[in-house]
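Each value in this text was obtained by applying a stated rule to the coordinates, not by laboratory testing. Remember, predicted model here, so these are calculated numbers, not experimental data. Cβ coordinates were reconstructed from backbone atoms using ideal geometry, including for glycine residues, and neighbour counts include every protein chain displayed.
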Amino acid sequence: MTDTAIEAAALGKRFRRRGRQALDSCTFRLPTGVVCAVVGPNGAGKSTLLALAAGLTTPTEGTLTILGGTPSEARERLAYVAQDKPLHPQLTVGETLRLGRELNPRVWDAAVAERVVAGGELDPDARISTLSGGQRSRVALALALGKRPALLLLDEPMADLDPLARHQLMGMLLADAAERGTTVVMSSHVVAELEGSCDHLLLLGAGRIRLSGPLDDLLAAHTLVTGPATGDLGPHTVVESRTTGRQLTALVRPRGPVGGDWGTAEPSLEELVLSHLRSPEAPELRLDAPEEAAV
Amino acid sequence: MVEYRIDRRSGVATYVQIVQQTKQALRLGLLQPGDKLPTAREVVEATAINPNTVLKAYRELEREGLVEARRGLGTFVRRSLGAAPADSPLRAELVAWAERARGAGLEREDVAALFTAVLDEQFTEHQGHQEHEGDRA
């Protein structure tokens with residue numbers, strides 16, 4: 001057994017020989033049992049990273065280790081829900097779940113899958129092609145959870161769900177993770193919906209890792225300071241600073257205590273993410289512990 | 001059984017909200033020794049918050065000696081908190097005082113400000129502890 005769900009070492013992916021680098025020298029480690037948010041602007045490489053982890057495509061540089069093996073070795077123990085929720089449109093909901101059972105005969109948990117579908121009051125005889133986007137998301141999540149995976153990879157899972165379904169499905173997903181210790185990795189660009197649900201963060205920008213590690217540690221490593229525009233932020237690493245009239249607002253990584261006349265506050269997840277996105281040149285910060293140090 | 005209400009916009013860390021709401025329930029006698037706290041699964045399913053956050057809150061309550069985890073059974077209340085259950089004479093006095101304040105023409109905010117000021121004056125040490133909790137939020 002390993003306590004590492006995903007480990008990337010100098011991971012890179014280029015789609016065509018001279019094409020754009022979708023991922024570039026990404027190095028991080030994700031321990032098992034975490035709920036990790038993969039955040040970044042469009043085109044940052046979120047979907048590429050998830051597809052690589054799911055073994056659907058192979059890296060052009062570096063290595064990726066999933067649950068102690070290669071992505072294809074881990075395929076039985078992971079479930080992946082792609083952004084476009086590919087399902088067979090001509091099958092009914094019931095037939096889709098039966099297909100899930102037949103493709104995963106040893107591990108299939110019909111009760112879990114049916115509970116996810118039942119929460120949406122879906123007719124088992126309805127064809128997939130007649131369902132709305134949100135209903136299709138629900139069926140795709142039912143298939144993924146029914147597989148009882150050790151690692152669940154979700155690409156924009158909640159994008160087309162209404163607020164009620166979103167809350168209910170996120171609750172089910174996390175309850176399942178709580179009970180079985182499933183590692184959940186989900187991408188989103190709606191940061192607010194991840195706050196409170198995730199305990200790990202992977203922030204991507206232009207194919208590179210900007211921030212990675214436990215969310216609490218990342219937040220604690222940053223301080224939001226306000227003070228006079230003439231103030232000196234001395235030894236601290238400034239991620240972003242803005243001046244409005246005589247006032248300066250900055251997000252810094254403090255080195256030593258932030259003294260003087262500065263007002264300080266801990267940033268929210270949204271403030272942390274937005275500041276980094278507005279400042280692409282800010283240095284990366286990795287706080288994920290190496291495997292030896294993990295419990 | 002308590003039900004937790006998580007306010008994501010409050011600026012108070014989620015685990016601190018669970019700790020505070022549990023303590024509030026203990027103070028008011030809504031939770032009593034021997035009562036079972038909801039399982040992490042139940043809390044997570046109802047609130048869609050991170051399971052590790054619930055466990056962190058329960059560990060904090062356990063560290064303070066308020067609850068104990070019994071393997072395979074759940075988390076149970078060990079002792080209650082404070083000397084002011086919902087039906088105590090102190091509460092009745094406070095109700096009477098609030099009625100007088102209202103009779104004297106004070107608004108809700110005036111009363112809250114007055115009450116907070118007196119709390120700060122009388123419980124400086126306790127206040128420091130609260131601030132410490134806030135720091136980690």
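Some points to look at:
- Counting only DSSP H runs of at least 4 residues, each contributing -39500 (n - 2.57), and dividing by the residue count of the protein assembly as shown, the helix-based mean residue ellipticity at 222 nm comes to -11000 deg cm²/dmol.
- Taken over the Cα atoms of the range A:168-295, the convex hull encloses 140 Å³ per residue.
- Cut-off 13 Å (backbone N to label point 7 Å along Cα→Cβ of A:R20), residues of the range A:44-68: A:44-48
- Cβ-defined net charge surrounding A:S212, 9 Å radius [Lys, Arg +1; Asp, Glu -1]: +1
- Extension gain, A:R115-A:L103: 0.36 nm per intervening residue step, less the Cα-Cα distance, totals 2.4 nm.
- Rounded tilt (10° steps) of A:93-103 against the dominant C-alpha axis of chain A: 90 degrees
- Taking amide H atoms as placed 1.01 Å from N in the peptide plane, the amide H of A:V239 lies under 5 Å from those of A:L251, A:V252, A:R253, each 5 or more residues away in sequence or on another chain.
- Entries of A:K46/A:K147; A:K46/A:K85; A:K13/A:K46; B:K23/B:K56 with Cα pairs more than 19 Å apart: A:K46/A:K147
- FRET E, pair A:A265, B:T124, Förster distance 22 Å, beta-carbon r, rounded to 0.05: 0.40
- Taking A:V191, A:V93 and counting other C-beta atoms within 10 Å, the order from fewest to most: A:V191, A:V93
- Simple label model, 7 Å out from Cα along Cβ direction - B:R9 to A:T58, nm: 5.0 nm
- Subtracting the Cα-Cα distance of A:E95 and A:D125 from their residue separation scaled by 0.36 nm leaves 10.0 nm.
- Computed from Cα positions, the angle between helix B:108-122 and the longest principal axis of chain B comes to roughly 80 degrees.
- A prolate overall shape is assigned to chain A, the ratio a/c of its alpha-carbon gyration tensor axes (a ≥ b ≥ c) being 1.5 or greater and a/b exceeding b/c.
- Cα long-axis angle, helix A:133-146 against chain A (0 to 90 degrees, to the nearest 10): 80 degrees
- Normalised by 2.2 N^0.38 Å, with N the number of residues, the alpha-carbon radius of gyration of the range B:14-77 equals 1.02.
- Computed FRET value (nearest 0.05) for A:N42 with A:S241, which takes r as the C-beta separation and R₀ as 30 Å: 0.70
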